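No value in this document is a laboratory result; all are computed from the given coordinates. In this text the structure is predicted, and so the values were computed from the model without any measurement. Quick reminder, even Gly has a Cβ in these numbers, built from the backbone with ideal geometry, and neighbours come from all protein chains shown.
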Amino acid sequence: MSDALPVILVGYLAAGACSLLGCFLVLRRMGMMGDAISHAVLPGIVVAFLLSGERAALPMLLGAGSVGFAAAVGIELLHRRGRIAQDASIGIVFTALFALGVLLVARFAGQVDLDMDCVLHGEIAFAALDPLVAGGRELGPRAAWILGAAFLANLAFVLLFWKELKLSTFDPTLAAVAGVGAAAVHYALLGLTSLTAVAAFESVGAVLVVAMLIVPASAAYLMTERLGTMLLLAQAVSLASAVAGYFLAVRWNVSIAGMMVVVSGAIFAVAFALNPRMRRPRAAAAPA
Amino acid sequence: MDELLRFVLLRDANTVYVVAGTVLLGIASGLVGTFALLRRESLVGDALAHAALPGVCAGFLLAGERRLAALLGGALLAGWLGTQAIALIQRRSKLKDDAAIGIVLSVFFALGMVLLTYIQTLPTGAQAGLDKYLFGSAASLVGRDVAVIGAVAALAAGAVALLYKEFKLLCFDAGLSASLGFPRGLLEAVLMTLLALTVVAGLQTVGAVLISALLIAPAAAARLWTDRLPVMLALAAAFGAASGYVGALFSSLGGSLPTGPLVVLSAAGIFCVSLVVAPERGLAARLLRRRRTNARIRGENALKHIFLIEEHLANPALVSGEDVAAHHSVGVRDALAMLEGLRRRGWVERDGAAWSLTPEGSTEARRIVASHRVWETYLARELALPPDHLHRDAEDMEHVIDRDMLGRLDEELGHPARDPHGTRIPRPEERP
């Protein structure tokens, strides 16, 4: 059990921090933006890694996070100014940045303690073993501290700007009229998503961050009509998938982060099978 | 230099395979990506590529060894399941396309990771070499792989040639396509199958994560250059092929750099160049067009102000640069620069410090002022706007209304002598 706890904790904190923001990404139809950001941070991570020589330090978080943020802004510019379709803008920007990241990993493989496996599904078991040492004492896994900080930052953001987030998500027009900084909320959301993607990268890799951003939030969205309940349910899904995913992965000796996502996918499948439009397909035809 | 020569001359058998594989893949994805882009399904390729991974693993597990047909068949099946799941989630829940694509992409991929790590624990798993489907490994392409990619490219080209009219209508007017009796479901299934085949062919070359880039970037770049579908298809195929060639070239020169990301970055580079320099839609062309329009508007404004000053002055020949500056609310130097521009076009003449309209300039100025005042009359009469709501709109419209439209508006309104403010409306053709 002492082996299990740190890994489950890191897994839950990653999924929990992601799905706090993911709920709003899903509601604002920005799901693929999460996909784009979590891929785009890779070159930032490699460069920050080369420069600072350590993983998951603050400069890395900020440096790589700003690359993700810049990618999100670049996608919007390409869409608005370059008049490229939104999905094509996303597809071009994030794949190019991810390709650059892969190239950098290949080129500096010797100098960087990163490999392709880590890029894809992280090394949650190793991350959970690597302790934070302060004043000669071990204070638990460093990844847990970093993801915990990301979790708290996202939680503070959601709680402090609850009204603004809610209004700009559900009624952008009223938000604009009421003088709520919809643009500020939008960019803060993108910025925090970038930071969280970087923080979670080490544990779960680039591709599975997407799942943690979207899947628990989407499952929760299908179970409730209330925003507060949705956020809580997303946390419950994150926790359940971290716990069940860990034990299933250990049992079958497979990728832990991958299994956590598969479990959350299974929870989503159940929520989907039970969602109202699945039971009454005719309701889908009625205007929402 | 020697290496470059060896590459260009295709000296090594291995180089031939790599180049043939990437170029053929580029052609296939350019053709297929064009239809995906036009149907706003660019990211479906991304989802398909990620979703194919568990299929590759399942194919390996079922076949018990690395048999190409089993791997590709599994990938195709899983990709197809993924697209069906995306459609189902969108149809039967309140989730939208972005969430549906994201969920399928990431959960299928996670399942692939789980299966991959499971395979690695098997005794046969160590040599499975399945991880190269993640980032591709163009260097390990052999003749058989190239033949598969070539077959996919030929299939894509053949399908586009045979079903060109049907695909075109499906992309641009699905309603008309359906009413003409084209089988929409079947055509969409054909396009989806082509997309899935291209993705599967690309898995080994550029990998699951990056194949979507090849489906999007060449087609998006081609879209910038043309409005015609045949040209776009040809360009997208050419851009795809060029990305493949350049990527393979850099990979052979740069030591141990992987081909897949280099191909993707080449495609992104072609897109970036197109974004800037493409005629009509490119950023440079649009900037130039905007500047030309602004220059024309500035010139027309200067001309109008000379006319308005002349309208008020006792001696019309004595308009100075300062007058124009004051009337137009700009600096004297700007006003003089504008006047000089008008002089070059033969619309004004200069006599010392005094400027006056030439007959051509006078006609042009009267056209602009007439457009302004006729538009004000139109707004006041037809839309019953109060007099203080007319001027600002007319300030913009005077640069939009051309001579033909002015004539029609004038006739429609019965050639009014005065505008709503009581000022006389000049006519371009009248003698001053």
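With N counted as the residues of region A:185-275, its alpha-carbon radius of gyration over 2.2 N^0.38 Å works out to 1.12. Could you tell me the distance between the Cα centroids of region B:93-167 and region B:331-352, to the nearest Å? Cα centres, region B:93-167 to region B:331-352: 65 Å.
How much length, in nm to one decimal, is gained on full extension between B:A189 and B:R424, taken as 0.36 nm per residue of separation minus their Cα-Cα distance? Walk me through the intermediate numbers first.
Values: separation 235, 0.36 × 235 = 84.60 nm, distance 6.64 nm.
That pair, B:A189 and B:R424, stretches by 78.0 nm at full extension.
Between B:S356 and B:D12, the modelled label-to-label distance comes to 8.1 nm, taking each label 7 Å out from Cα in the direction of the beta carbon.
Work the Kirkwood hydrodynamic radius out for chain B: mean of 1/r over every pair of different alpha-carbon atoms, inverted, in Å. Could the numbers behind the result be given before it?
Details: mean 1/r = 0.0380 Å⁻¹.
26.3 Å is the Kirkwood radius here.
With one equal scatterer per alpha carbon and no solvent term, the Debye-computed log10 I(q)/I(0) for region B:61-151 at 0.13, 0.16, 0.17 1/Å reads -0.57, -0.80, -0.87.
To the nearest whole number, what is the average tally of beta carbon atoms from other chains within 10 Å of the beta carbons of peptide B:265-275? Show your work: numbers first, answer last.
On the way: counts 7, 1, 4, 7, 1, 0, 7, 3, 0, 0, 6.
Across the residues of B:265-275, the mean count of other-chain Cβ atoms within 10 Å is 3.
Partner shielding of B:216-228 amounts to 3, given as the average count of beta-carbon atoms from other chains within 10 Å of each residue beta-carbon.
First select every other residue whose beta carbon is under 11 angstrom from the beta carbon of B:L105; then total the charges, Lys and Arg +1, Asp and Glu -1.
So the surrounding residues net to -3.
Between region A:205-226 and region B:390-432, the alpha-carbon centres lie 60 Å apart. Farthest towards the positive end of the charge dipole of the protein assembly as shown, among the residues B:A237, A:V102, A:Y187, is the Cα of B:A237, using unit charges on the Cβ of Lys, Arg, Asp and Glu.
Paramagnetic label reach from B:A295 (point 7 Å along Cα→Cβ; backbone nitrogen cut-off under 17 Å): within region B:337-380, residues B:337-348.
Given a Förster distance of 22 angstrom, what is the FRET efficiency for A:F247 paired with B:Q120, based on the Cβ-Cβ distance and rounded to 0.05?
Rounded to the nearest 0.05, the efficiency is 0.65.
Which FRET efficiency, nearest 0.05, do B:R408 and A:W162 yield, Cβ-Cβ r, R0 51 Å?
0.35
With bins 10 Å wide beginning at 0, the percent of Cα pairs of the protein assembly as shown falling in each bin runs 3, 13, 20, 20, 15, 11, 9, 6, 2, 0, 0. The modelled label-to-label distance between B:E322 and B:R343, using points 7 Å beyond Cα along the C-beta direction, is 1.8 nm.
So if R0 is 41 Å, what FRET efficiency would B:L180 and B:K94 give, r being the distance between their Cβ atoms, rounded to the nearest 0.05?
Numbers: r = 34 Å, r/R0 = 0.82.
So the FRET efficiency works out to roughly 0.75.
Working from label points 7 Å from Cα in the Cα-to-Cβ sense, the B:A161 to B:D334 distance is 6.0 nm.
What stretch of chain B, leaving out the sites themselves, is the longest with no GluC sites (Glu not before Pro) in a DSSP loop having at most 12 other Cβ atoms within 10 Å?
Working: sites that count: B:E65, B:E280, B:E429, B:E430.
Result, exposed sites excluded: B:66-279.
Applying the Karplus relation 6.51 cos²θ - 1.76 cosθ + 1.60 with θ = phi - 60° to region B:283-296 yields 3J(HN,Hα) values of 4, 5, 4, 5, 5, 4, 4, 5, 5, 5, 4, 4, 5, 4 Hz, where x marks Gly and Pro. Cβ crowding within 10 Å, taken as a proxy for footprinting-reagent exposure, orders B:L262, B:L76, B:L224 from fewest neighbours to most as B:L76, B:L224, B:L262. In sequence order, region B:206-211 has phi-based couplings of 10, x, 5, 6, 10, 4 Hz under the Karplus curve 6.51 cos²θ - 1.76 cosθ + 1.60, θ = phi - 60°, and Gly or Pro positions carry x. Scalar couplings 3J(HN,Hα) for region B:148-165, obtained by applying the Karplus form with A = 6.51, B = -1.76, C = 1.60 to θ = phi - 60°, are 4, 4, x, 5, 5, 4, 5, 4, 4, 5, x, 5, 5, 5, 6, 10, 3, 4 Hz; x denotes Gly and Pro.
Dipole size in debye (nearest 20) for region B:45-147 around its Cα centre, Lys and Arg Cβ +1, Asp and Glu Cβ -1? Please list the in-between numbers first.
On the way: 8 positive and 6 negative charges, 49 e Å.
Dipole size: approximately 240 debye.
Averaging Cα coordinates gives a centre for region B:178-220 and one for region B:65-87; these two points are 14 Å apart.
Taking GluC sites (Glu not before Pro) that fall in a DSSP loop and have at most 14 other Cβ atoms within 10 Å as cut points, what is the longest piece of chain A between them?
Numbers: sites that count: A:E54, A:E225.
Here the longest segment lacking exposed loop sites spans A:55-224.
Ignore the peptide's own chain and count Cβ atoms of other chains within 10 Å of each Cβ in B:85-98; give me the average, rounded. Kindly include the intermediate steps, with their values, before the conclusion.
Numbers: counts 2, 0, 0, 2, 7, 1, 4, 11, 12, 9, 12, 5, 4, 14.
If you average over the peptide's residues, the count of other-chain Cβ atoms is 6.
Taking amide H as placed 1.01 Å from N in the peptide plane, the amide H of A:G140 sits under 5 Å from that of A:L132, each at least 5 places away or on another chain.
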